[in-house]
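Just so it is clear, none of the values below were taken in a lab; they were calculated from the coordinates. Not measured: the values here are computed from a predicted model. Cβ placement follows ideal geometry from the backbone for every residue including glycine, while neighbour counts extend to all protein chains displayed.
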Amino acid sequence: MQKVTPQHPQGKKILDQVSDAIRLKHYSYRTEQTYREWVKRYILFHNKRHPSEMGAPEVQAFLSHLATEKKALGPDEQKAVARLREITKKLPNGRKS
């Protein structure tokens with residue numbers, strides 16, 4: 001059985017929404033790809049739950065996992081994770097907790 005991915009009301013998938021948000025800020029293509037990868041990791045860490053179903057506790061669990069399991073984050077990864085928080089809060093229908 002295939003898992004259904006919740007979509008934005010206009011039909012855009014979550015990673016496309018991330019790209020749109022990043023492009024509005026005129027970030028580089030490489031930055032866009034990096035952020036997309038971090039969002040993908042976040043979603044996969046939470047067993048493919050949609051970010052709109054998650055909030056601060058899930059972000060904290062992901063960050064704790066990265067800090068403990070991955071033995072620490074480099075500066076670029078810290079920036080990406082900070083942006084993950086920012087982006088997921090701004091997605092339509094996202095929890096604001």
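Each residue in 31, 68 was given a count of other beta-carbon atoms within 10 angstrom of its own, and listing them fewest first yields 68, 31. Calculated FRET efficiency, residue 78 to residue 45, Cβ-Cβ distance, R0 = 22 Å: about 0.85 to the nearest 0.05.
Can you figure out the FRET efficiency of residue 15 with residue 67, using R₀ = 22 Å and their beta-carbon distance, to the nearest 0.05? Walk me through the intermediate numbers first.
Numbers: r = 24 Å, r/R0 = 1.11.
It comes out at approximately 0.35.
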